Amino acid sequence: MNKPVALAADHGGFELKEAVRQHLDEIGVAYIDYGTTDGASCDYPDMALPACDAVVAGECRCALLFCGTGVGISIAANKVKGIRACCCSDAFSAEYTRRHNDANALCMGGRVVGAGLGILMVDAFLNTEFEGGRHQRRIDKLMAIETR
Ligand code: RB5
């Protein structure tokens, strides 16, 4: 059985997270929603951490993270050992960050992309496998930075 996806957003990404959450319901993809639960101001590192911890712990298959730009929450996510987060605003990048970077967190900005594009990106990300091969060598070098 597939592990759930981890969802998290700050207030800037809340509406987009809700649109993606509804989409996941419609296509039958399980998720754990780490908040936020409304549009009240909150801090994106606080929202990113539990979702990323769940991915690193193996409880969730990946994280879908949202803030105003997608940038702040991607920086926060990439501080968590074991996370390879990408901030995307197009479906090509969302697909290739799986193919080439084995990304385990997709970040996007609720003030940058609309729900339609966001859902396309989510589908591309969730439905694409890592290609391995020469890309694995690069991932190994990336991950070695965490312990140098
Ligand atoms: C919050 O206003 C905003 O700064 C945050 O959502 C995000 O865009 C930061 O990168």
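The values are calculated or read from the model by the stated rules, or taken from the named source; none is laboratory data. Source: prediction; values computed, not measured. For neighbour counting, all protein chains shown are included, and Cβ atoms are generated from backbone atoms with ideal geometry for every residue, glycine included. All accessible areas refer to the heavy atoms of the entire protein, side chains included, with ligands and DNA or RNA removed. Shrake-Rupley method; radii C 1.70, N 1.55, O 1.52, S 1.80 Å.
Worth pointing out:
- Test: residue in region 14-36 that is at negative phi, of a type in the set (Ser, Thr, Tyr), within 16 Å of the ligand (Cβ to nearest atom) and at pLDDT 95 or above: yes
- With respect to the conditions (1) near the ligand (Cβ under 10 Å from one of its atoms); (2) more than 21 Å from Lys3 (Cα to Cα), Phe66 lacks only one, and its number is (2).
- Residues located in region 88-113, provided they are open to solvent by less than 60 Å² (accessible area, probe 1.4 Å) and within 16 Å of the ligand (Cβ to nearest atom): Cys88, Ala105, Leu106, Cys107, Met108, Gly109, Gly110, Val113
- The residue that is nearest to the ligand (Cβ to nearest atom), among those in region 114-130 that are open to solvent by 90 Å² or more (accessible area, probe 1.4 Å) and not in a helix (DSSP H, G or I), is Asn127.
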